[in-house]
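The values are calculated or read from the model by the stated rules, or taken from the named source; none is laboratory data. Here the structure is a predicted model, which means the values were calculated and not measured. Every residue, glycine among them, receives a Cβ derived from its backbone with ideal geometry; neighbour counts consider all protein chains shown. These accessible areas exclude ligands, DNA and RNA; they are computed on the full protein's heavy atoms, side chains included. Shrake-Rupley method; radii C 1.70, N 1.55, O 1.52, S 1.80 Å.
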Amino acid sequence: MTTPAHDDAAHDDGTHDDGTGAAPSGAAPVAAPGREVRRHVVLATRIFAPEPAAASFRLEALARALGAADPAAPGELHAVTVLTTWARRAQRLLTRDADEDLRGAHVRVERTPVLRDRTGYVRGYLPYLSFDVPLLVRLLAVPRPDVVVAEPPPTTGAVVRLACAVRRVPYVYYAADVWSDATAGDGSVPGLVTRVLAAVEGWAMRGARGVVAVSPDVAERVEALVGTSSGGRARRRPEVVVVRNGVDTDIFRPGLPRPQGAPGRYLVYAGTTSAWQGADIFVRALARVRETVPGVELVVLGQGSDFETLRALAAEVAPGAVHLHPVVPAPEAAAWIGNAAAALVSVRPGVGYDLALPTKTFAAAACGTPVVFAGPGPAVPIVREHGLGEAVAYDVEEVAAAMVRVLETGADAGRAERLAAWAREHASVAHVGASVAAHVRRWRDRRAAGATTEDGRS
């Protein structure tokens with residue numbers, strides 16, 4: 001398989017033959033006197049704002065950053081096209097408003113219908129295919145981009161690589177996690193499926209100019225996936241950079257009004273409840289916590305495959321003390337988090353997601369609320385080294401003890417402001433978007449010099 005070429009024939013005035021006005025891919029734009037150079041970036045993602053997910057927020061921030069003026073190239077005009085899906089029916093009005101707002105930031109969102117699972121997510125083989133198959137046609141039909149950014153799953157990355165090979169444009173892979181590792185840790189997935197997925201994932205990443213990883217651990221696994229083949233042949237290796245996820249610190253901030261109907265004193269779990277998060281550990285721990293801190297309750301905001309399981313478990317072990325609410329808009333979630341005694345975050349070990357860095361950790365800090373993190377992964381040293389709360393093993397007794405410690409410490413305005421200040425400096429999604437955008441532009445303008453392809457040709 002040869003690596004996609006990245007050069008196109010161009011007019012003498014620096015525009016493409018297709019009339020988009022973009023400079024040739026692989027070359028820095030040079031504006032003729034009195035003329036601006038147009039740049040076009042495409043984001044290919046099955047999930048996008050306003051759907052409540054970490055990926056949605058970071059991709060929206062990236063789109064805005066890519067649509068903004070580049071101080072290093074004042075002669076450029078930027079346009080961003082997002083190829084994504086229609087949000088769930090309940091979010092249609094919110095979606096139209098969000099898309100219209102992005103148009104003012106030079107971002108056009110193009111949505112198509114897609115299959116979703118019973119919880120409303122684009123997750124599973126058929127939902128992925130319902131997005132990926134039409135995506136190939138959409139990528140071939142969209143006005144020619146200078147660079148494409150691909151979001152997982154790996155099948156989407158593979159489709160992007162195929163389309164970019166045909167159109168001879170570079171692309172970037174945004175690795176929020178390593179999907180083949182996740183399936184390897186799931187006992188329900190056959191080994192053959194895991195090996196095929198690893199091959200597809202490595203192939204999708206290897207063709208990219210660069211890969212953005214959300215943590216050093218993910219970056220290490222990416223490097224392994226794009227490394228030397230089993231036959232010892234050299235493979236093209238994209239540059240891998242680490243840019244952590246972030247949160248919107250204008251939305252997630254301290255001092256928000258107490259939500260209507262909130263319990264007197266409560267802990268909050270806000271986000272997806274699926275098998276790999278293992279949020280049930282907090283429900284199990286709550287019964288022990290209430291022996292020491294009577295009256296404390298647990299609020300769960302979210303959805304996911306374990307949502308109804310949590311409801312049944314709560315009725316069994318802590319009747320009347322656990323309140324489950326469906327997904328709420330980000331500003332409402334921020335109010336629940338900001339008025340909680342602690343925010344709860346978990347990663348169940350040994351199921352393939354030990355590398356995950358949940359954005360809920362940063363959302364809690366931005367709201368000035370300490371976190372109780374249960375499980376393994378890169379969040380553990382971050383929580384401990386920066387005093388963001390408690391980080392303990394995924395164990396009911398340890399989790400209950402950590403919850404009690406946070407509750408007994410009580411509210412502290414000084415701590416709240418310290419946590420929020422840390423989040424503004426280290427976990428702002430706007431900074432994340434700007435950082436990733438800078439890498440995307442750099443890779444867009446860099447020729448793939450001297451890279452050796454799998455068949456030995458450069």
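So here's what we get for this one:
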| item | result |
| --- | --- |
| Mean Cα-pair separation over length for the chain, i.e. relative contact order, pairs under 8 Å, 6 or more apart, % | 16 |
| In degrees, nearest ten, helix 413-426 long axis to first principal axis of the chain (Cα) | 20 |
| Segment Glu408-Trp86, extension gain: residue separation times 0.36 nm, minus the distance between their alpha carbons | 111.4 nm |
| Summed side-chain charge close to Phe282 - residues other than Phe282 whose Cβ falls under 14 Å, Lys, Arg +1, Asp, Glu -1 | -1 |
| Three-way shape call for the range 52-157 based on the alpha-carbon gyration tensor, with the a/c threshold at 1.5 | prolate |
| Degrees, to the nearest 10: 307-317 long Cα axis against longest axis of the chain | 20 |
| Loop-located trypsin sites (Lys or Arg not before Pro) in the range 100-198 whose Cβ has at most 13 other Cβ within 10 Å (DSSP) | Arg118 |
| Ordering of 47-54, 375-382 by burial proxy (mean other Cβ atoms within 10 Å per residue, highest first) | 47-54, 375-382 |
| FRET E, pair Ala72, Ala199, Förster distance 56 Å, beta-carbon r, rounded to 0.05 | 0.90 |
| Per-residue [θ]222 nm for the chain (sum of -39500 (n - 2.57) over DSSP H runs n ≥ 4, rounded to 500) | -12500 deg cm²/dmol |
| Computed label-point distance, nm, for sites Arg442 and Glu291 using a 7 Å Cα→Cβ extension | 5.4 |
| Helix 429-445 axis, angle to the chain major axis (alpha carbon atoms, nearest 10°) | 20 |
| Estimated distance in nm for a label pair at Arg418 and Glu397, the labels positioned 7 Å out from Cα along Cα-to-Cβ | 3.0 |
| Cα→Cβ-extended label distance, 7 Å offset, between Ala224 and Ala315, nm | 4.3 |
| Under 15 Å, Cβ to Cβ, from Glu308 - net charge with Lys/Arg +1 and Asp/Glu -1 | -2 |
| Carbon + sulfur, % of accessible area of the range 259-378 - ligands and nucleic acids excluded, 1.4 Å | 53 |
| Surface accessible to a 1.4 Å probe, per residue, for the residues of the chain, Å² | 41 |
